[in-house]
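Written below as structure tokens is the structure these notes are about.
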């Protein structure tokens, strides 16, 4: 997955990483790139389907990220 240059227009970026599943190497590499670029990273001990299984938790995290931007 390539990180698009258009993301430079967004000042504060947040990555939500589900850590409760065996991630493919490509996901780990993407996470390392976003950390190196200064993204805020939130790690949650949830599975890959986090957005379907825990929508309220994701909504709360997104609201917090927007309010801190």
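The values are calculated or read from the model by the stated rules, or taken from the named source; none is laboratory data. As the structure is a computational prediction, the values presented were derived from the model and not from experiment. Every residue, glycine as well, gets a Cβ built from its backbone with ideal geometry; the counts of neighbours run over all protein chains shown.
Go through the residues of segment 49-64 one by one and say whether even a single one is surrounded by 10 or more Cβ atoms within 10 Å (Cβ to Cβ), within 12 Å of the chain's Cα centre (by Cα), on the phi < 0 side of the Ramachandran plot and outside any helix (DSSP H, G or I).
Here is the first cut: in segment 49-64, the ones surrounded by 10 or more Cβ atoms within 10 Å (Cβ to Cβ) are 49-51, 53-55, 57-64.
From what is left, the residues that are within 12 Å of the chain's Cα centre (by Cα) are 50-51, 58, 61-62.
Subsequent filtering for residues that are on the phi < 0 side of the Ramachandran plot retains 50-51, 58, 61-62.
Those still in the list that are outside any helix (DSSP H, G or I) too: none.
For segment 49-64, residues surrounded by 10 or more Cβ atoms within 10 Å (Cβ to Cβ), within 12 Å of the chain's Cα centre (by Cα), on the phi < 0 side of the Ramachandran plot and outside any helix (DSSP H, G or I): absent.
Take residue 11 and tell me if it is loosely packed, with under 13 Cβ neighbours inside 10 Å, outside any helix (DSSP H, G or I) and at pLDDT below 80.
Values: loosely packed, with under 13 Cβ neighbours inside 10 Å: yes; outside any helix (DSSP H, G or I): yes; at pLDDT below 80: no.
In short, no.
Just for segment 28-48: of the residues that are in a loop (DSSP other than H, G, I, E, B) and within 23 Å of residue 6 (Cα to Cα), which one is nearest to the chain's Cα centre (by Cα)?
As a first pass, look at segment 28-48 and keep what is in a loop (DSSP other than H, G, I, E, B): 37-39, 45-48.
Subset that is within 23 Å of residue 6 (Cα to Cα): 37-39.
Details: 37: 13, 38: 12, 39: 9 Å.
Here the answer is 39.
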